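Let me begin by presenting the structure, written as structure tokens, before commenting on it.
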Amino acid sequence: MPRTHSALPPTGPVRLGPDARAALRPATAGITAGFWHTRREVNTRTSLPQGPELLESAGNLHNLRLAAGTAEGEFQGAYPFVDTDVYKWLEAASWQLAQEPAGDLRAHVDRLIALVAEAQQPDGYLNTWFQVVKGGERYQDLRWGHELYCAGHLIQAAVAHHRATGRPELLDVARKFADHVDSVFGPPGSGKPIDGIDGHPEIETALVELHRETGERRYLDLAAYFVDRHGHGLLGGEAYCQDRVPVREATNVEGHAVRQLYLLAAAADLATETGDEELRAAAERLWHAMATTKTHLTGGLGAHHSGEDFGDPYELPNERAYCETCAAIASVQWSWRMALLTGEARYSDLIERTLYNGFLAGVSLDGERWLYVNPLQIRDGHTDPGGDKSARRTRWFRCACCPPNVMRLLASLEHYLASSDDDGLQIHQYVTGRYESDLAVIGAETDYPWHGTIALTVEDTPTDRPWTLSLRIPQWCREFRVRCGEETYDGPVADGWLRLHRTWAPGDKVVLELALEPRLTTADPRVDAVRGCVAIERGPLVHCLEGADHPGGGLDDIVIDTTRPLAVKHRPDLLGGVTTVVAAGRRRGVPDAGWWPYGPADDASPRRQDGELVELTAIPYYAWANRENGSMRVWLPTS
Ligand code: FUB
Ligand code: ZN
């Protein structure tokens, strides 16, 4: 039986307003099996259920009780933004409630919402650090205090909870805080006491979503005010907190990566809701600059440990790459807003790359351990101090921003897969499940990314007028074929979309085949860190070598032989079942360096000698660091 068209509005993190100037609207999708289903099951069954216990033992819930006056003791945690761990978990759990509440999740959500509501002050203010540790002082340290950042995450959690359950409890708390913020912050001449911004953007995109949820124009105006006050020296003019240059004038992304990306997500939101062409142009320009000059192969963002900052253009180190998991998440959030605003496929190309690599590496395969930073190389003999900035998976962090952020993206992932416009449905990411818009319900089956065949079936379409089914042909894909009835297409694709325009009927089938030949990738020569190296990729997956697969020596003396073919080997036994790429390499005959590892450039040194042949096994990057702690590398020297 064809599934009846539900005509339900999409209920994800981005719901456009009725007057939005976007090219595309988010469409509903469901993930029922396959790669992302497995990863989401781990989130549902392990990561999310463990959240309340972890938040209890880290002291976040205790802090809320302290603020509410229902407990006694010391504040737990070293940061003024620890409340956001609770809010991000609540957001994740809320998206989960919209699907299938696992176990006692609903009861935990209700309990935590009650705690948050109790901690709120009568005028709407809420921040446990300032209420408990700072004796009620407010907005005295906007550069570091994170009060509005926390408000932003509270608002996003509340919008998610309201969309997912229809219940008002958390939304009431968030609105009260937003109204309080609106009564305090405003431009000179507005009569509001503070003309200021938060050192960590986040409230901006949250306020746009609150406007979308409630219809209140005030929230949109407040978001616009905050976005435009960045870059005017209100916080001392530092790039770190997005205060060096106004968004409208900026030429490249800079400063703290997560701060920059949340701010630009808001710029895209505002351009979408208000039609502000200057802001749209800035968002497009900055996204382009970021993608071309400051993005690691994994989609990871943020070159510096120091300041958690973007580096200079093409400054993309490997072992010191920061690539915070939160930055990957923020990048997906911004890119999705850009995809909707412009209709361009390249934004979803980056989303795909980021999801499968830089983002997914942030959580272990068992869903219990996390990476905050995501380097592209761990050297032989690496000594790791552990802790937040460690390259070792960790159970929880002192600064635990990343784990609940991963949980919320996984729990809402189905909202980043498809879109619609008046002319049809666009499929941005391929999963097994269902894509749904006003014009169609499309079932999908695929074993992507292990295999490149995606079988689509029109399950329902309420119209007999022609419409367009658009399929994103990934930027990495060199060969593809689409079979649609009697017809076959294999390109060219000008703008990343293959568009099938016709009259559709239930039962119509489309089969897309993306060639998944493994490939060697090189970098722009200005990326000095990887000059003379190649990376192995297959489909959307970046691969890496891990010490565990190469006993008998480290990885630092291995070179890849690019003249020999790459082979593909599916390994159901390995890392939950992965397809590996097997390459030929050699161990360089590394000579005794004497007392000095350098030599003359014209020296026919034994450093360059060919060594023993080795079979190189490249696993998907997302699966690294799930066995022993050892070396790893994405970029492989060719000589
Ligand atoms: O400042 C709050 C969060 O902590 C940031 O988003 C992360 O980068 C980490 O610094
Ligand atoms: Zn983080």
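Hey, among N127, N60, which residue is within 16 Å of ligand 1 (Cβ to nearest atom), surrounded by 15 or more Cβ atoms within 10 Å (Cβ to Cβ) and farther than 26 Å from R229 by Cα?
Going through N127, N60 in turn, the sole match is N60.
Criterion applied to R39, R111 was being basic (K, R) and touching a Gly at 6+ places or on another chain (Cβ under 9 Å), and the one residue passing it is R39. With respect to the stated conditions, D172 is surrounded by fewer than 17 Cβ atoms within 10 Å (Cβ to Cβ) and either among the basic types (K, R) or part of a helix (DSSP H, G or I) (or both). When you check T354 against the structure, is it within 16 Å of ligand 2 (Cβ to nearest atom) and either surrounded by fewer than 24 Cβ atoms within 10 Å (Cβ to Cβ) or modelled with pLDDT of 95 or more (or both), yes or no? Against the criterion (within 16 Å of ligand 2 (Cβ to nearest atom) and either surrounded by fewer than 24 Cβ atoms within 10 Å (Cβ to Cβ) or modelled with pLDDT of 95 or more (or both)), T354 qualifies. Entry remark, the range 226-282: residues being of a type in the set (F, W, Y) and more than 16 Å from ligand 2 (Cβ to nearest atom) number 1 in total. Here the helices (runs of 4 or more DSSP H) wholly within the range 184-291 that include at least 1 residues being more than 28 Å from R346 (Cα to Cα) are 203-214, 217-229.
Restricted to helices (runs of 4 or more DSSP H) entirely inside the range 50-156, those with at least 2 residues that are of a type in the set (D, E, K, R) and within 16 Å of ligand 2 (Cβ to nearest atom) are 83-99. When G145, G166, G152, G199 are checked against the criterion of being within 20 Å of S412 (Cα to Cα) and either within 16 Å of ligand 1 (Cβ to nearest atom) or crowded, with 24+ Cβ neighbours inside 10 Å (or both), G152 stands alone in meeting it. Name every residue in the range 205-244 that is of a type in the set (A, V, I, L, M, F, W, C) and under 12 Å from I155 (Cα atoms), in order of residue number. The answer is A206, L207, V208, L210.
Outside any loop (DSSP other than H, G, I, E, B), touching a helix residue (DSSP H, G or I) at 6+ places or on another chain (Cβ under 8 Å), closer than 16 Å to W497 by Cβ and more than 16 Å from ligand 1 (Cβ to nearest atom) - does that describe any residue in the range 464-476? Yes - at least one qualifying residue is present in the range 464-476.
Conditions (1) within 20 Å of P525 (Cβ to Cβ); (2) out of contact with any His (no Cβ under 8 Å at 6 or more places or on another chain); (3) not acidic (D, E), marked per residue:
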{"position": "A289", "(1), (2), (3)": "yes, yes, yes"}
{"position": "E308", "(1), (2), (3)": "no, no, no"}
{"position": "A327", "(1), (2), (3)": "no, yes, yes"}
{"position": "G362", "(1), (2), (3)": "no, yes, yes"}
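All conditions but one from (1) closer than 17 Å to T292 by Cα; (2) buried (at least 17 other Cβ atoms within 10 Å of the Cβ) apply to E315; the one that does not is (2). Exactly one residue out of D366, D380, D384 is surrounded by fewer than 19 Cβ atoms within 10 Å (Cβ to Cβ), in contact (Cβ under 8 Å) with a residue 12 or more places away in the chain, touching a Lys or Arg at 6+ places or on another chain (Cβ under 6 Å) and farther than 24 Å from A157 by Cβ: that is D384. Taking into account only those residues within the range 294-335 that are away from ligand 1 (no atom under 16 Å from the Cβ) and within 10 Å of the chain's Cα centre (by Cα), which is nearest to V363 (Cα to Cα)? Filtering first and then ranking leaves G299. Note on the range 318-344: residues that are in a loop (DSSP other than H, G, I, E, B) and surrounded by 24 or more Cβ atoms within 10 Å (Cβ to Cβ) total 4.
The values are calculated or read from the model by the stated rules, or taken from the named source; none is laboratory data. Every value quoted in this text rests on a predicted model; they were computed, and no experiment measured them. Neighbour counts are summed over all protein chains in view; Cβ atoms, including those assigned to glycine, are modelled from backbone coordinates with ideal geometry.
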